[in-house]
Amino acid sequence: MRNRIRSADALHAWLNPTTEEKEGIEGTKGVFQWSITPYYASLMDPDDPSCAVRRQVVPLASELELDFVGVEDPLEEVAHSPVKNLIHNYRDRVAFCVTSQCAIYCRYCLRKRMVGEADFMMRKDELREAITYIAAHPEIRDVLLTGGDPLTLGDANIDWILTELRAIEHVDIIRIGSRMPVKLPQRITPELCAVLEKHHPVWVNTHFNHPKELTPDAGVAIDRLLKAGVPVGNQTVLLRGINDDAATMRALCEGLVRHRIRPYYLYQAQLIGGTAHLRTSIETGLHIMHELQGHLTGFAIPKYVLDTPLGKIPLTRDYILGRDGDRVVMKSTRGAVWAEPNPRPARSLPSEEGSDASPGIQLNEVVSPPGTQTISMETGQLSVL
Ligand SMILES: *Cc1c(COP(=O)(O)O)cnc(C)c1O
Ligand code: SF4
(Lines give C-alpha, C1' and ligand atoms only; values in the text may rest on other atoms or scores of the structure.)
(Ligands and ions follow the chains in the order given, each with its own letter.)
Protein backbone atom coordinates (compact mmCIF):
# COMPACT_ATOMS: atom_id res chain seq x y z
CA MET A 1 0.00 0.00 0.00
CA ARG A 2 2.84 2.37 0.87
CA ASN A 3 4.57 1.77 -2.45
CA ARG A 4 1.60 2.53 -4.63
CA ILE A 5 2.08 4.39 -7.92
CA ARG A 6 0.45 7.81 -7.82
CA SER A 7 2.26 9.90 -10.43
CA ALA A 8 3.23 9.75 -14.09
CA ASP A 9 6.87 9.67 -12.99
CA ALA A 10 6.33 6.62 -10.82
CA LEU A 11 4.39 4.96 -13.63
CA HIS A 12 7.42 5.43 -15.90
CA ALA A 13 9.21 2.69 -13.97
CA TRP A 14 6.63 0.27 -15.38
CA LEU A 15 5.75 1.59 -18.81
CA ASN A 16 5.97 4.52 -21.18
CA PRO A 17 2.64 6.32 -20.85
CA THR A 18 0.97 7.30 -24.13
CA THR A 19 -0.08 10.90 -24.73
CA GLU A 20 -3.68 9.97 -23.92
CA GLU A 21 -2.57 8.37 -20.66
CA LYS A 22 -0.37 11.36 -19.71
CA GLU A 23 -3.27 13.72 -20.40
CA GLY A 24 -5.53 11.47 -18.36
CA ILE A 25 -3.17 11.43 -15.37
CA GLU A 26 -2.78 15.23 -15.43
CA GLY A 27 -6.40 16.05 -16.29
CA THR A 28 -8.08 13.83 -13.69
CA LYS A 29 -6.00 15.22 -10.80
CA GLY A 30 -8.42 16.44 -8.17
CA VAL A 31 -11.37 14.95 -10.12
CA PHE A 32 -10.95 11.19 -9.72
CA GLN A 33 -8.67 9.25 -7.40
CA TRP A 34 -5.78 7.36 -8.89
CA SER A 35 -3.31 4.79 -7.55
CA ILE A 36 -1.95 1.40 -8.63
CA THR A 37 -0.28 -1.22 -6.47
CA PRO A 38 3.15 -2.38 -7.69
CA TYR A 39 1.77 -5.92 -7.82
CA TYR A 40 -1.10 -4.95 -10.15
CA ALA A 41 1.31 -2.78 -12.19
CA SER A 42 3.46 -5.87 -12.72
CA LEU A 43 0.55 -7.43 -14.64
CA MET A 44 0.36 -4.53 -17.12
CA ASP A 45 1.78 -4.93 -20.61
CA PRO A 46 4.38 -2.12 -20.91
CA ASP A 47 4.23 -2.13 -24.70
CA ASP A 48 0.51 -2.38 -25.31
CA PRO A 49 -1.81 0.47 -24.24
CA SER A 50 -4.82 -1.73 -25.02
CA CYS A 51 -3.73 -4.21 -22.29
CA ALA A 52 -6.81 -5.22 -20.29
CA VAL A 53 -5.06 -4.68 -16.95
CA ARG A 54 -3.59 -1.33 -17.93
CA ARG A 55 -6.91 0.01 -19.22
CA GLN A 56 -8.64 -0.73 -15.91
CA VAL A 57 -6.30 1.47 -13.90
CA VAL A 58 -4.37 4.01 -16.00
CA PRO A 59 -6.42 7.21 -16.49
CA LEU A 60 -7.18 8.30 -20.03
CA ALA A 61 -8.03 11.73 -21.41
CA SER A 62 -11.43 10.24 -22.46
CA GLU A 63 -12.49 10.33 -18.79
CA LEU A 64 -12.83 14.10 -19.11
CA GLU A 65 -14.99 14.06 -22.24
CA LEU A 66 -18.55 15.32 -22.02
CA ASP A 67 -20.75 12.43 -20.92
CA PHE A 68 -24.41 13.50 -20.87
CA VAL A 69 -25.90 10.40 -19.30
CA GLY A 70 -23.01 9.92 -16.90
CA VAL A 71 -24.15 10.75 -13.38
CA GLU A 72 -22.56 10.76 -9.97
CA ASP A 73 -24.90 8.37 -8.20
CA PRO A 74 -26.89 6.40 -10.82
CA LEU A 75 -28.33 4.02 -8.24
CA GLU A 76 -29.51 6.83 -5.96
CA GLU A 77 -27.49 5.23 -3.17
CA VAL A 78 -27.44 8.43 -1.14
CA ALA A 79 -31.26 8.64 -1.25
CA HIS A 80 -31.43 5.00 -0.13
CA SER A 81 -29.14 5.54 2.87
CA PRO A 82 -31.07 6.01 6.14
CA VAL A 83 -27.75 6.66 7.88
CA LYS A 84 -24.41 7.55 6.37
CA ASN A 85 -22.95 4.93 3.99
CA LEU A 86 -25.59 2.31 4.75
CA ILE A 87 -27.67 1.55 1.65
CA HIS A 88 -30.97 -0.13 2.46
CA ASN A 89 -32.62 -0.70 -0.92
CA TYR A 90 -33.73 -4.33 -0.39
CA ARG A 91 -35.85 -5.33 2.58
CA ASP A 92 -33.65 -8.08 3.99
CA ARG A 93 -30.16 -6.84 3.16
CA VAL A 94 -27.95 -3.77 3.33
CA ALA A 95 -24.78 -2.62 1.64
CA PHE A 96 -22.57 -1.06 4.28
CA CYS A 97 -19.74 1.14 2.95
CA VAL A 98 -17.32 0.75 5.86
CA THR A 99 -14.48 2.71 4.26
CA SER A 100 -13.86 4.99 1.31
CA GLN A 101 -10.34 3.68 0.67
CA CYS A 102 -9.20 1.29 -2.07
CA ALA A 103 -5.77 -0.06 -2.91
CA ILE A 104 -6.22 0.83 -6.58
CA TYR A 105 -8.86 3.04 -8.12
CA CYS A 106 -10.56 1.38 -11.06
CA ARG A 107 -11.39 3.80 -13.83
CA TYR A 108 -14.98 2.51 -14.23
CA CYS A 109 -15.82 2.37 -10.51
CA LEU A 110 -19.48 2.68 -9.56
CA ARG A 111 -18.50 4.93 -6.67
CA LYS A 112 -15.85 6.76 -8.69
CA ARG A 113 -16.57 10.20 -7.26
CA MET A 114 -16.81 8.93 -3.69
CA VAL A 115 -13.96 6.45 -3.30
CA GLY A 116 -10.97 7.93 -1.54
CA GLU A 117 -12.90 11.13 -0.68
CA ALA A 118 -13.01 12.63 2.80
CA ASP A 119 -16.84 13.01 2.80
CA PHE A 120 -17.23 9.30 2.24
CA MET A 121 -14.86 8.20 5.03
CA MET A 122 -16.26 6.58 8.15
CA ARG A 123 -15.37 7.55 11.68
CA LYS A 124 -15.90 5.02 14.46
CA ASP A 125 -19.03 6.80 15.72
CA GLU A 126 -20.46 6.71 12.18
CA LEU A 127 -19.75 2.99 11.94
CA ARG A 128 -21.49 2.59 15.30
CA GLU A 129 -24.50 4.52 14.06
CA ALA A 130 -24.86 2.20 11.06
CA ILE A 131 -24.50 -0.89 13.28
CA THR A 132 -27.17 0.52 15.61
CA TYR A 133 -29.51 0.93 12.61
CA ILE A 134 -28.92 -2.71 11.60
CA ALA A 135 -29.57 -3.85 15.17
CA ALA A 136 -32.85 -1.88 15.21
CA HIS A 137 -34.09 -3.49 11.96
CA PRO A 138 -34.83 -7.20 12.50
CA GLU A 139 -35.71 -7.64 8.80
CA ILE A 140 -32.01 -7.26 7.90
CA ARG A 141 -30.48 -10.74 7.70
CA ASP A 142 -27.68 -10.12 5.22
CA VAL A 143 -25.01 -7.45 5.63
CA LEU A 144 -22.72 -6.74 2.71
CA LEU A 145 -19.55 -4.90 3.71
CA THR A 146 -18.34 -2.80 0.84
CA GLY A 147 -16.76 0.59 0.25
CA GLY A 148 -14.20 1.42 -1.01
CA ASP A 149 -12.57 -1.84 -0.09
CA PRO A 150 -13.28 -3.19 3.42
CA LEU A 151 -9.99 -5.11 3.43
CA THR A 152 -8.01 -1.84 3.37
CA LEU A 153 -8.99 -1.71 7.07
CA GLY A 154 -6.63 -3.33 9.53
CA ASP A 155 -7.38 -6.78 10.96
CA ALA A 156 -8.33 -5.32 14.36
CA ASN A 157 -10.92 -2.99 12.83
CA ILE A 158 -12.35 -5.76 10.66
CA ASP A 159 -12.55 -7.98 13.72
CA TRP A 160 -14.36 -5.19 15.62
CA ILE A 161 -16.97 -4.66 12.87
CA LEU A 162 -17.57 -8.41 12.47
CA THR A 163 -17.85 -8.88 16.23
CA GLU A 164 -20.43 -6.08 16.49
CA LEU A 165 -22.46 -7.49 13.61
CA ARG A 166 -22.31 -11.06 14.92
CA ALA A 167 -23.69 -9.83 18.25
CA ILE A 168 -26.92 -8.95 16.39
CA GLU A 169 -29.08 -12.01 16.47
CA HIS A 170 -31.01 -11.42 13.26
CA VAL A 171 -27.86 -10.93 11.14
CA ASP A 172 -27.57 -14.21 9.37
CA ILE A 173 -24.87 -13.88 6.74
CA ILE A 174 -22.08 -11.36 6.37
CA ARG A 175 -20.54 -10.76 2.99
CA ILE A 176 -17.39 -8.83 2.19
CA GLY A 177 -16.97 -7.30 -1.26
CA SER A 178 -13.26 -6.85 -1.88
CA ARG A 179 -10.95 -6.50 -4.85
CA MET A 180 -7.86 -7.26 -2.72
CA PRO A 181 -7.38 -10.78 -4.15
CA VAL A 182 -7.03 -9.09 -7.55
CA LYS A 183 -5.04 -5.95 -6.83
CA LEU A 184 -3.10 -6.83 -3.67
CA PRO A 185 -3.47 -10.58 -2.99
CA GLN A 186 -0.73 -10.33 -0.32
CA ARG A 187 -3.40 -8.68 1.87
CA ILE A 188 -5.10 -12.05 2.31
CA THR A 189 -2.81 -13.11 5.15
CA PRO A 190 -3.27 -16.12 7.43
CA GLU A 191 -3.99 -13.59 10.24
CA LEU A 192 -6.81 -11.98 8.26
CA CYS A 193 -8.27 -15.40 7.44
CA ALA A 194 -8.15 -16.31 11.14
CA VAL A 195 -10.25 -13.19 11.87
CA LEU A 196 -12.82 -14.02 9.18
CA GLU A 197 -13.06 -17.62 10.32
CA LYS A 198 -14.14 -16.54 13.82
CA HIS A 199 -17.33 -14.94 12.51
CA HIS A 200 -18.84 -17.46 10.13
CA PRO A 201 -20.91 -17.51 7.98
CA VAL A 202 -18.71 -14.96 6.21
CA TRP A 203 -18.68 -14.90 2.41
CA VAL A 204 -16.28 -13.01 0.17
CA ASN A 205 -17.21 -11.69 -3.22
CA THR A 206 -14.24 -10.56 -5.24
CA HIS A 207 -13.91 -8.85 -8.57
CA PHE A 208 -11.80 -10.37 -11.35
CA ASN A 209 -12.45 -8.85 -14.76
CA HIS A 210 -9.90 -10.60 -16.94
CA PRO A 211 -8.11 -13.99 -17.04
CA LYS A 212 -4.72 -12.21 -16.82
CA GLU A 213 -5.61 -11.31 -13.24
CA LEU A 214 -5.79 -14.97 -12.18
CA THR A 215 -2.12 -15.21 -11.19
CA PRO A 216 -0.42 -17.69 -8.84
CA ASP A 217 -0.41 -14.96 -6.13
CA ALA A 218 -4.15 -14.49 -6.53
CA GLY A 219 -4.50 -18.27 -6.37
CA VAL A 220 -2.72 -18.36 -2.98
CA ALA A 221 -5.07 -15.65 -1.64
CA ILE A 222 -8.17 -17.51 -2.81
CA ASP A 223 -6.91 -20.82 -1.45
CA ARG A 224 -6.38 -19.23 1.98
CA LEU A 225 -9.92 -17.87 2.03
CA LEU A 226 -11.38 -21.21 1.00
CA LYS A 227 -9.32 -23.09 3.59
CA ALA A 228 -10.72 -20.71 6.21
CA GLY A 229 -14.17 -21.87 5.13
CA VAL A 230 -15.04 -18.65 3.29
CA PRO A 231 -17.01 -19.30 0.08
CA VAL A 232 -15.63 -17.07 -2.69
CA GLY A 233 -17.76 -15.58 -5.45
CA ASN A 234 -16.88 -13.15 -8.19
CA GLN A 235 -18.51 -10.22 -9.85
CA THR A 236 -17.24 -8.87 -13.16
CA VAL A 237 -18.04 -5.58 -14.84
CA LEU A 238 -18.53 -5.80 -18.59
CA LEU A 239 -16.02 -3.33 -20.03
CA ARG A 240 -15.54 -2.28 -23.61
CA GLY A 241 -12.28 -3.53 -25.12
CA ILE A 242 -11.33 -5.23 -21.84
CA ASN A 243 -13.61 -8.25 -21.53
CA ASP A 244 -16.57 -7.64 -23.86
CA ASP A 245 -16.02 -10.62 -26.11
CA ALA A 246 -17.14 -14.20 -25.62
CA ALA A 247 -13.64 -15.76 -25.78
CA THR A 248 -12.28 -13.56 -22.98
CA MET A 249 -15.36 -14.02 -20.84
CA ARG A 250 -15.28 -17.78 -21.30
CA ALA A 251 -11.56 -17.90 -20.36
CA LEU A 252 -12.30 -15.79 -17.29
CA CYS A 253 -15.16 -18.01 -16.12
CA GLU A 254 -13.17 -21.18 -16.74
CA GLY A 255 -10.24 -19.72 -14.81
CA LEU A 256 -12.47 -18.70 -11.92
CA VAL A 257 -13.96 -22.15 -11.39
CA ARG A 258 -10.50 -23.71 -11.75
CA HIS A 259 -9.67 -21.62 -8.66
CA ARG A 260 -12.98 -22.72 -7.03
CA ILE A 261 -14.40 -19.21 -7.35
CA ARG A 262 -18.06 -19.13 -8.29
CA PRO A 263 -18.94 -16.55 -10.99
CA TYR A 264 -21.86 -14.61 -9.51
CA TYR A 265 -22.73 -11.44 -11.42
CA LEU A 266 -21.71 -9.97 -14.74
CA TYR A 267 -22.63 -6.30 -14.38
CA GLN A 268 -23.59 -4.03 -17.21
CA ALA A 269 -21.32 -1.00 -16.63
CA GLN A 270 -23.10 1.83 -14.85
CA LEU A 271 -23.65 5.30 -16.24
CA ILE A 272 -20.90 6.87 -14.17
CA GLY A 273 -19.64 10.22 -15.40
CA GLY A 274 -16.29 9.84 -17.16
CA THR A 275 -16.73 6.19 -18.13
CA ALA A 276 -18.52 6.40 -21.50
CA HIS A 277 -15.46 4.97 -23.29
CA LEU A 278 -15.65 1.84 -21.11
CA ARG A 279 -19.34 1.06 -21.55
CA THR A 280 -20.59 -1.41 -24.10
CA SER A 281 -23.99 -2.19 -25.60
CA ILE A 282 -26.44 -4.48 -23.84
CA GLU A 283 -26.66 -6.45 -27.12
CA THR A 284 -22.95 -7.23 -26.73
CA GLY A 285 -23.57 -8.56 -23.23
CA LEU A 286 -26.52 -10.65 -24.38
CA HIS A 287 -24.43 -12.02 -27.22
CA ILE A 288 -21.68 -13.06 -24.78
CA MET A 289 -24.23 -14.75 -22.49
CA HIS A 290 -25.69 -16.55 -25.50
CA GLU A 291 -22.21 -17.83 -26.39
CA LEU A 292 -21.60 -19.07 -22.82
CA GLN A 293 -24.94 -20.79 -22.30
CA GLY A 294 -24.67 -24.44 -23.21
CA HIS A 295 -20.94 -24.19 -23.88
CA LEU A 296 -19.69 -23.86 -20.34
CA THR A 297 -20.14 -25.69 -17.01
CA GLY A 298 -23.48 -24.51 -15.65
CA PHE A 299 -22.14 -23.04 -12.44
CA ALA A 300 -19.36 -21.23 -14.31
CA ILE A 301 -21.93 -18.92 -15.92
CA PRO A 302 -22.62 -15.65 -14.09
CA LYS A 303 -25.94 -13.81 -14.10
CA TYR A 304 -25.91 -10.78 -16.40
CA VAL A 305 -27.58 -7.91 -14.54
CA LEU A 306 -28.10 -4.19 -14.60
CA ASP A 307 -28.23 -2.38 -11.30
CA THR A 308 -30.79 0.44 -11.18
CA PRO A 309 -32.47 2.55 -8.48
CA LEU A 310 -35.29 -0.03 -8.79
CA GLY A 311 -32.93 -2.83 -7.81
CA LYS A 312 -30.96 -5.24 -9.96
CA ILE A 313 -32.63 -6.32 -13.18
CA PRO A 314 -31.62 -9.62 -14.84
CA LEU A 315 -30.67 -8.85 -18.45
CA THR A 316 -32.62 -11.67 -20.05
CA ARG A 317 -35.53 -11.89 -22.47
CA ASP A 318 -37.89 -12.21 -19.49
CA TYR A 319 -37.14 -8.67 -18.35
CA ILE A 320 -36.01 -6.81 -21.47
CA LEU A 321 -38.93 -5.36 -23.41
CA GLY A 322 -36.81 -4.03 -26.28
CA ARG A 323 -35.12 -0.94 -27.60
CA ASP A 324 -36.58 2.56 -27.67
CA GLY A 325 -33.91 4.29 -29.79
CA ASP A 326 -30.88 4.87 -27.62
CA ARG A 327 -32.48 3.29 -24.56
CA VAL A 328 -33.07 -0.33 -23.59
CA VAL A 329 -36.45 -0.74 -21.90
CA MET A 330 -36.96 -3.38 -19.20
CA LYS A 331 -39.29 -4.42 -16.40
CA SER A 332 -37.82 -4.28 -12.95
CA THR A 333 -38.44 -7.11 -10.49
CA ARG A 334 -40.59 -4.60 -8.58
CA GLY A 335 -42.96 -4.08 -11.52
CA ALA A 336 -41.91 -0.57 -12.62
CA VAL A 337 -40.37 -0.01 -16.05
CA TRP A 338 -36.80 1.24 -16.43
CA ALA A 339 -35.24 2.63 -19.61
CA GLU A 340 -31.44 2.45 -19.58
CA PRO A 341 -29.61 4.91 -21.84
CA ASN A 342 -27.45 2.58 -23.94
CA PRO A 343 -26.51 3.39 -27.54
CA ARG A 344 -27.19 0.57 -29.99
CA PRO A 345 -24.12 -1.33 -31.22
CA ALA A 346 -22.42 0.14 -34.25
CA ARG A 347 -22.72 -3.06 -36.29
CA SER A 348 -24.54 -6.32 -35.95
CA LEU A 349 -22.52 -8.70 -33.83
CA PRO A 350 -20.75 -11.57 -35.52
CA SER A 351 -21.16 -15.08 -34.19
CA GLU A 352 -18.28 -16.62 -32.26
CA GLU A 353 -16.98 -18.33 -35.41
CA GLY A 354 -17.03 -14.98 -37.18
CA SER A 355 -19.43 -16.24 -39.83
CA ASP A 356 -21.48 -13.39 -41.28
CA ALA A 357 -24.34 -15.74 -42.03
CA SER A 358 -25.27 -16.06 -38.37
CA PRO A 359 -27.12 -12.96 -37.11
CA GLY A 360 -26.18 -11.20 -33.89
CA ILE A 361 -28.59 -10.48 -31.05
CA GLN A 362 -31.14 -7.84 -31.98
CA LEU A 363 -33.66 -6.19 -29.68
CA ASN A 364 -37.05 -5.32 -31.15
CA GLU A 365 -38.09 -1.68 -31.17
CA VAL A 366 -40.62 -0.71 -28.51
CA VAL A 367 -42.05 2.51 -27.17
CA SER A 368 -41.43 3.20 -23.49
CA PRO A 369 -44.80 3.10 -21.69
CA PRO A 370 -45.83 6.23 -19.78
CA GLY A 371 -44.32 6.35 -16.30
CA THR A 372 -41.06 4.69 -17.37
CA GLN A 373 -38.20 5.77 -15.15
CA THR A 374 -34.90 6.67 -16.76
CA ILE A 375 -31.87 8.91 -16.65
CA SER A 376 -32.56 11.95 -18.81
CA MET A 377 -30.29 12.07 -21.86
CA GLU A 378 -30.47 15.88 -21.74
CA THR A 379 -29.69 16.58 -18.10
CA GLY A 380 -28.25 13.36 -16.70
CA GLN A 381 -30.88 13.50 -13.93
CA LEU A 382 -33.26 10.72 -12.99
CA SER A 383 -36.65 11.38 -14.56
CA VAL A 384 -39.97 9.85 -15.59
CA LEU A 385 -40.92 9.59 -19.26
C1 LIG B 1 -26.43 -5.55 -5.10
C2 LIG B 1 -26.86 -5.01 -3.86
C3 LIG B 1 -27.13 -5.84 -2.78
C4 LIG B 1 -26.94 -7.36 -2.83
O5 LIG B 1 -27.77 -7.92 -3.77
P6 LIG B 1 -27.71 -9.50 -4.08
O7 LIG B 1 -28.48 -9.60 -5.34
O8 LIG B 1 -28.35 -10.16 -2.93
O9 LIG B 1 -26.28 -9.88 -4.22
C10 LIG B 1 -27.58 -5.28 -1.61
N11 LIG B 1 -27.75 -3.95 -1.50
C12 LIG B 1 -27.50 -3.11 -2.53
C13 LIG B 1 -27.75 -1.67 -2.34
C14 LIG B 1 -27.05 -3.62 -3.75
O15 LIG B 1 -26.79 -2.79 -4.76
S1 SF4 C 1 -11.89 -1.80 -6.06
FE2 SF4 C 1 -14.12 -1.61 -6.30
S3 SF4 C 1 -14.69 0.16 -5.04
FE4 SF4 C 1 -12.46 0.24 -5.33
S5 SF4 C 1 -12.15 1.56 -7.13
FE6 SF4 C 1 -12.23 -0.57 -7.87
S7 SF4 C 1 -14.37 -0.90 -8.43
FE8 SF4 C 1 -14.30 0.93 -7.09
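Among (1) over 14 Å from residue 230 (Cα atoms); (2) assigned to a strand (DSSP E or B); (3) in contact with a helix residue (DSSP H, G or I) (Cβ under 6 Å, 6 or more places away or on another chain), which single condition is residue 164 missing?
Among (1) over 14 Å from residue 230 (Cα atoms); (2) assigned to a strand (DSSP E or B); (3) in contact with a helix residue (DSSP H, G or I) (Cβ under 6 Å, 6 or more places away or on another chain), residue 164 violates only (2).
Since residue 72 meets every condition but one in (1) out of contact with any helix residue (DSSP H, G or I) (no Cβ under 7 Å at 6 or more places or on another chain); (2) open to solvent by less than 30 Å² (accessible area, probe 1.4 Å); (3) not aliphatic (A, V, I, L, M), which condition does it not meet?
That leaves (2) as the condition not met.
For every residue, the table says whether it meets (1) in contact with an Asp or Glu (Cβ under 8 Å, 6 or more places away or on another chain); (2) within 28 Å of residue 254 (Cα to Cα).
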| residue | (1), (2) |
| --- | --- |
| 105 | no, yes |
| 135 | no, no |
| 140 | yes, no |
| 193 | no, yes |
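Hey, can you tell me all the residues within segment 13-48 that are outside any loop (DSSP other than H, G, I, E, B), open to solvent by less than 90 Å² (accessible area, probe 1.4 Å) and closer than 18 Å to residue 61 by Cβ?
Scanning segment 13-48 gives 20, 21, 24, 25, 27, 36.
Taking segment 171-189 as the search range and keeping residues that are within 8 Å of ligand 2 (Cβ to nearest atom) and charged (D, E, K, R), which one is surrounded by the most Cβ atoms within 10 Å (Cβ to Cβ)?
Here the answer is 183.
Going through segment 128-152 one residue at a time, which ones are of a type outside the set (S, T, N, Q), open to solvent by 20 Å² or more (accessible area, probe 1.4 Å) and either more than 30 Å from residue 240 (Cβ to Cβ) or away from ligand 2 (no atom under 16 Å from the Cβ) (or both)?
Listed by number, the residues that qualify are 128, 129, 133, 135, 136, 137, 138, 139, 141.
Given the conditions (1) of a type outside the set (Lys, Arg); (2) within 16 Å of ligand 2 (Cβ to nearest atom); (3) in a helix (DSSP H, G or I), which single one is not true for residue 87?
Status for residue 87: all satisfied but (3).
Does segment 307-320 hold any residues that are open to solvent by 20 Å² or more (accessible area, probe 1.4 Å) and either out of contact with any Leu (no Cβ under 9 Å at 6 or more places or on another chain) or assigned to a loop (DSSP other than H, G, I, E, B) (or both), and which are they?
Residues satisfying the conditions are 310, 316, 317, 318, 319.
The values are calculated or read from the model by the stated rules, or taken from the named source; none is laboratory data. Model, not experiment: these values are computed from the prediction. A quick note on method: Cβ atoms are made from the backbone with ideal geometry, for glycine too, and the neighbour counts reach across all protein chains shown. Each accessible area value is taken on the protein alone, full model and side chains, heavy atoms only, with ligands, DNA and RNA left out. Shrake-Rupley method; radii C 1.70, N 1.55, O 1.52, S 1.80 Å.
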